[in-house]
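Worksheet: the structure to be examined is printed underneath.
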Amino acid sequence: MPTLTTEALYKILLDNMGPQHWWPAKSPEEMMLGAILVQNTNWKNADMALMRLREETQFDPQKILSLPLAELQEIIRSSGFYKNKGKAIHALFQWLNQFNFDYENIAQHYGDNLRRELLKIRGIGSETADVLLVYIFEGIEFIPDSYTRRLYSKLGYAHTESYDKFKKQISLPPHFTNQDANEFHALLDNFGKNYFNGKGTQKYTFLEDYFNKND
């Protein structure tokens, strides 16, 4: 039996951790590149690839699109799975280029079908699509990444093994805004990094009273 509702969890995280000021990027293009590069790796490796990409392109979409695929892949090698990620970056940017990178226009054009359209793009899976919906297209989505599912499991929730299955189990509060969805994902991710990877006196313990004692 779950020990906390999603709304209560959000309030406790926010009260204890404060605003997280996410996503850590200075432009939508940098944000999207980071979302692809961090797939199946840690942020340190993704950030190294981002730095290289910034040096080569200044995150200018047209410069990125004009890079030969093999050159782009070499630039982002440190992120791992760089061949597939290079193809995903080109595919996403080519799709966005059809709309001149006008994100508001894209959101209006596709409406409720936007998630389905994003999932058609090579290399864009459920998690990356949801991240783009929240941080680029100002949508309201629950993003049950691996840290989030581990946390919910410890809170007594079932069906946490699969991203898509667990997403269907959780409804965000009806009053949630895009800013709430943004903040909630950031809080969940940063709590997870700290709790599941953290050591020593800085480890967050404020949720432990709610954790399943048999876990």
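The values are calculated or read from the model by the stated rules, or taken from the named source; none is laboratory data. Quick caveat, the model's predicted, so the values are computed rather than measured. In this analysis, Cβ positions are derived from the backbone assuming ideal geometry, glycine residues included, and neighbour counts consider all displayed protein chains. SASA here: full protein model, heavy atoms, side chains in, ligands and nucleic acids out. Shrake-Rupley method; radii C 1.70, N 1.55, O 1.52, S 1.80 Å.
Which of (1) without any contact (Cβ under 8 Å) to a residue 40 or more places away in the chain; (2) more than 17 Å from the chain's Cα centre (by Cα) is the odd one out, the single condition LEU155 does not satisfy?
(1) is the only condition that LEU155 fails.
Any idea which of (1) buried (at least 18 other Cβ atoms within 10 Å of the Cβ); (2) within 26 Å of ASN212 (Cα to Cα) is the one GLU161 doesn't satisfy?
Here GLU161 meets the rest and fails (1).
Residues of the range 57-76 being in a helix (DSSP H, G or I) and surrounded by 17 or more Cβ atoms within 10 Å (Cβ to Cβ), which ones?
Listed by number, the residues that qualify are THR57, PRO61, ILE64, LEU72, GLN73, ILE75.
Checking the structure you have, find out if any residue of the range 31-52 is open to solvent by 70 Å² or more (accessible area, probe 1.4 Å), modelled with pLDDT under 95 and in a loop (DSSP other than H, G, I, E, B).
Yes: the range 31-52 contains one or more residues that are open to solvent by 70 Å² or more (accessible area, probe 1.4 Å), modelled with pLDDT under 95 and in a loop (DSSP other than H, G, I, E, B).
Could we say that GLY139 is under 26 Å from HIS90 (Cα atoms), modelled with pLDDT of 95 or more and not in a helix (DSSP H, G or I) here?
Against the criterion (under 26 Å from HIS90 (Cα atoms), modelled with pLDDT of 95 or more and not in a helix (DSSP H, G or I)), GLY139 qualifies.
When residues of the range 167-181 are filtered for being touching an Asp or Glu at 6+ places or on another chain (Cβ under 8 Å) and either touching a residue at least 60 places away in the same chain (Cβ under 8 Å) or open to solvent by less than 10 Å² (accessible area, probe 1.4 Å) (or both), how many remain?
3
List the residue pairs whose Cβ atoms are under 7 Å apart, where the first residue sits in the range 119-142 and is under 15 Å from MET31 (Cβ atoms) and open to solvent by less than 20 Å² (accessible area, probe 1.4 Å), the second is assigned to a loop (DSSP other than H, G, I, E, B) and of a type in the set (A, V, I, L, M, F, W, C), and the two are 6 or more positions apart or on different chains.
Pairs that qualify, where the first residue is under 15 Å from MET31 (Cβ atoms) and open to solvent by less than 20 Å² (accessible area, probe 1.4 Å) and the partner is assigned to a loop (DSSP other than H, G, I, E, B) and of a type in the set (A, V, I, L, M, F, W, C), are ASP130/ILE143; VAL131/ILE143; VAL134/ILE143.
At pLDDT 95 or above, more than 30 Å from LEU65 (Cα to Cα) and over 21 Å from the mean Cα position of the chain (by Cα) - does that describe any residue in the range 191-207?
yes
Which condition from (1) in a loop (DSSP other than H, G, I, E, B); (2) open to solvent by less than 10 Å² (accessible area, probe 1.4 Å) is the one that PHE184 breaks?
The single condition PHE184 does not satisfy is (1).
Residue by residue through the range 1-27, note down the ones that are within 16 Å of GLN179 (Cα to Cα) and of a type outside the set (A, V, I, L, M, F, W, C).
Within the range 1-27, THR6, GLU7, TYR10, LYS11, ASP15, GLY18, PRO19, GLN20, HIS21, PRO24 qualify.
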